[in-house]
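K.L.:
Please see the structure below; I have some questions.
Every number in this text was worked out from the coordinates using simple rules, so none of it is lab data. Treat the numbers as computed from the prediction; the structure is a model and nothing was measured. Heads up, the Cβs are rebuilt from the backbone with ideal geometry, glycines too, and the neighbour counts pull from every protein chain shown.
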Amino acid sequence: MPHIAPFPSRMSALATTLLLSSLVSCAATTVATSPPNADGEIIPAGEAAATAALAEAIRTSVQAGFDQNGHAFRDAHRKSHGCVQATFTVLDKLPSHMAQGLFATPKSYNAVVRFSNGSGSSQDDHKNDARGMALKIMGVGGPKLLEDEQSASTQDFLMTNHPVFFVRNAADYVAFQKAATGGGLALTGWLAAHLFHETPIILGFTGHKVLNPLNSRYWSTTPSKLGSEQMKFSARPCAGGTFVEQSDTANRMSENLTAQLATGSACFDFMVQTRTVPAEMPIEDPTIEWKEAKSPFVPVARITIPAQTPEDAQTCEVRSFTPWHSIAAHRPLGGISRVRKDVYIAVSKLRHQLNGQPRIEP
């Protein structure tokens with residue numbers, strides 16, 4: 001499940017150098033190239049060039065890893081805690097403004113959930129890190145957004161265990177990456193300069209203690225369409241659940257998940273938050289939280305994970321997740337989502353090609 005990596009270890013020094021040399025002019029401007037569209041998107045000047053350079057930089061990093069290890073790994077969310085089978089059930093009698101797209105009709109779908117650490121390395125679960133939940137819903141009709149997968153029958157929803165992202169756009173990401181790569185005074189200077197906004201978000205990303213991925217809440221961080229509306233989404237463990245959290249090894253997340261599903265089940269409420277106050281709920285700045293006091297998350301579906309043995313590692317590894325596996329009614333919105341579109345595709349294609357693995361949506 002490759003995506004723009006929030007932490008400096010995700011991208012090699014070579015990839016970062018290529019990125020910075022290509023984007024030095026892009027990082028200096030945020031001038032819009034077009035007026036806001038109906039969903040509130042504003043595309044800054046230089047975004048296309050920044051996106052292309054970022055995709056190429058991460059491809060270079062993945063290729064370097066393959067040349068060194070003989071295997072191409074995800075550039076982020078590398079360590080899986082398990083891919084599990086699930087059922088995604090759309091609830092009945094939803095408010096009319098939420099009953100759009102996938103949520104227009106009460107129905108149950110087969111689904112797969114991949115739980116992961118955010119890091120680009122397969123590190124100890126004790127290390128501070130973001131945690132991810134990637135949901136792939138099967139049997140979703142209608143044309144899909146990706147040109148080479150228009151007939152696919154999947155809808156993906158990707159989430160992490162923090163409600164906001166820590167950079168606004170590709171240009172800001174370049175500035176952070178430059179500081180992180182420089183380390184020492186450069187990184188300290190960046191963190192100090194962003195002490196009251198971005199730095200706390202980074203700490204929030206990595207500060208949640210999670211012993212079992214089934215016992216954590218996850219958020220989209222970036223917005224998407226909800227038919228004629230705009231939304232963010234979140235998955236919250238169902239009330240009253242009990243969780244296995246006995247293991248405390250370097251792989252405690254997968255061990256606790258596997259132990260729980262060996263004899264029991266789990267479930268999540270899948271919730272939607274609509275954009276009710278546009279002035280306070282920006283589309284182009286995922287560092288700004290859409291406050292629940294202004295627009296609460298409302299359950300629209302139930303994710304049920306029955307007792308089972310998680311998929312074998314190889315089957316799980318081959319799977320590809322992207323927010324752009326989507327119908328038009330849930331098109332991802334904002335600059336970070338636009339960047340992710342090209343980056344995810346480029347890295348996924350290269351990873352599967354190098355590993356000799358099929359890249360076919362189920």
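K.L.:
So, by mean Cβ neighbours within 10 angstrom, what's the order for 353-362, 215-224, 96-105 with the highest one leading?
P.N.:
Descending mean neighbour count gives 215-224, 96-105, 353-362.
K.L.:
If one computes the Cα centroid of segment 84-123 and of segment 313-351, what distance in Å separates the two points?
P.N.:
Rounded to whole Å, the Cα centres lie 16 Å apart.
K.L.:
How big is D, in µm² s⁻¹, for segment 86-158 by Stokes-Einstein at 25 °C and 0.890 mPa s if Rh is the Kirkwood radius over C-alpha pairs?
P.N.:
169
K.L.:
Using a cut-off of 17 Å between alpha-carbon atoms, which lysines can reach residue 349, once sequence neighbours fewer than 8 places away in the same chain are excluded?
P.N.:
The qualifying lysines are 341.
K.L.:
If we count every other residue with Cβ under 15 angstrom of residue 270's Cβ, Lys/Arg +1 and Asp/Glu -1, where does the sum land?
P.N.:
+3
K.L.:
Please identify the GluC sites (Glu not before Pro) of segment 275-362 that satisfy two criteria: DSSP loop assignment and at most 14 other Cβ atoms within 10 Å. Which are they?
P.N.:
292
K.L.:
Residues with amide H under 5 Å of residue 43's amide H, sequence separation 5 or more or different chain, H placed in the peptide plane at 1.01 Å from N; which?
P.N.:
33, 34
K.L.:
Starting from the Cα of residue 209, draw a straight line to each of the lysines and keep only those under 21 Å, dropping any in the same chain fewer than 8 residues away.
P.N.:
79, 127
K.L.:
Okay, moving on. Cα-Cα over 22 Å: which of 107/225; 93/291; 136/232? Walk me through the numbers on the way to the answer.
P.N.:
On the way: 107/225 20 Å; 93/291 25 Å; 136/232 17 Å.
Where the Cα-Cα span goes over 22 Å, the pairs concerned are 93/291.
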